[in-house]
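The values are calculated or read from the model by the stated rules, or taken from the named source; none is laboratory data. Keep in mind that what you see is a predicted model, and the values were worked out from it rather than measured. Ideal geometry is used to build each Cβ from the backbone, glycine not excepted, and the neighbour counts take in all protein chains shown.
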Amino acid sequence: MDTVQAIIQQQIEAGTFLQSVQQGQQVQQEQTNYGEEDEYEDEEGTYKGKRSNTLPIWGNQVTMNLNTLVLENIRESYYYKNNLVEIDSFQTLVEQIFYQVKHLEPWEKGTRRLQGMTGMCGGVRGVGAGGVVSSAYCLLYRLFNLRISRKQLISMLNSRQSVYIRGIGFMYIRYTQPPADLWYWLEPYLDDDSEIDPRSGGGDLMTFGQMVRTMINKLDWYGTLFPRIPVPIQKEIDERFAERKKKQLREEDEWQGESSEKPAEDGEGIGKVLPKVSKCKHHLRHHHCRKHRKNCPAKAKR
């Protein structure tokens, strides 16, 4: 009896052989699910197509659309050259974010030297002119070079380990994903009330919903710039914001109308706060799953 047969015999005697086979089949099924044809639903209707686990990269395939000065400082930083370049595991990089990232600015506090510099990339002649680049941007660039998958990116957006794991996930979307896909990625988080402070040293506490709005509507990000969104796509995003606002106001009016029809008993209803129209927590975590979106409750589709 060879080694393989001996292991199988031991598993059969212990009653774990069938369980091992089922687990292997489940893993294989999960790996093959990406690429299968599946129906998915969006605001315009139901479509049929392939869902790929491979993320597209928009813009420059080498620089990640980063500011030249920021990019050069990343490549020359001790942390990136001596620690991150050798890491080829997504999970290890996520652990590095958990332990090393305390803000989402491109520069460490107090290291940015602006004297004698003009323009967005003034002083590019010397890498040190930028200051000490932050660990957040070093890790962001390493994730880009690792070419993380869709599934890995979604796991970052929904992480419960650290708000900065989520924050870097949103920054990865803003820097690398096609502008036409930004609304698809970011809209489900516009009502996220979880808080984060992106500023180095603190003092700029905001919700993830506010941060996502900033990423969509503004180019400036703590002294550096996000990639510019083409004007037609930006107009489309603005229109979707307006439609979303109208829908929320309409739902609030409907709720007020329903509540006014019901007589208040013993002062009931006095001082009540209107419910905030938002997506259910389950939808926030699974909105990218097309099977979930197809069977999603009405509240989650708001």
Next on the checklist: Take GLN248 and tell me if it is among the polar types (S, T, N, Q), within 20 Å of TRP185 (Cβ to Cβ) and at pLDDT 60 or above.
Outcome noted: no
Checklist entry - Considering only residues of segment 203-226 that are part of a loop (DSSP other than H, G, I, E, B) and touching a residue at least 40 places away in the same chain (Cβ under 8 Å), which is surrounded by the fewest Cβ atoms within 10 Å (Cβ to Cβ)? => result TYR222
Checklist entry - When both residues are 6+ apart or on different chains and their Cβ atoms are under 6 Å apart, which pairs have a first residue that lies in segment 154-170 and is more than 20 Å from LEU182 (Cα to Cα) and part of a helix (DSSP H, G or I), and a second that is aromatic (Phe, Trp, Tyr) and modelled with pLDDT of 95 or more? => result none
Checklist outcome for this item: Flagged in segment 127-141 as part of a helix (DSSP H, G or I), buried (at least 19 other Cβ atoms within 10 Å of the Cβ) and over 13 Å from the mean Cα position of the chain (by Cα), in numbering order, are ALA129, GLY130, SER135, ALA136, TYR137, CYS138, LEU139, TYR141
Checklist entry - Quick check: anything in segment 215-238 over 28 Å from SER149 (Cα atoms) and touching a strand residue (DSSP E or B) at 6+ places or on another chain (Cβ under 7 Å)? => result yes
Item to check | Some residue of segment 148-157 being surrounded by fewer than 18 Cβ atoms within 10 Å (Cβ to Cβ), over 23 Å from MET206 (Cα atoms), aliphatic (A, V, I, L, M) and over 8 Å from the mean Cα position of the chain (by Cα) | outcome: no
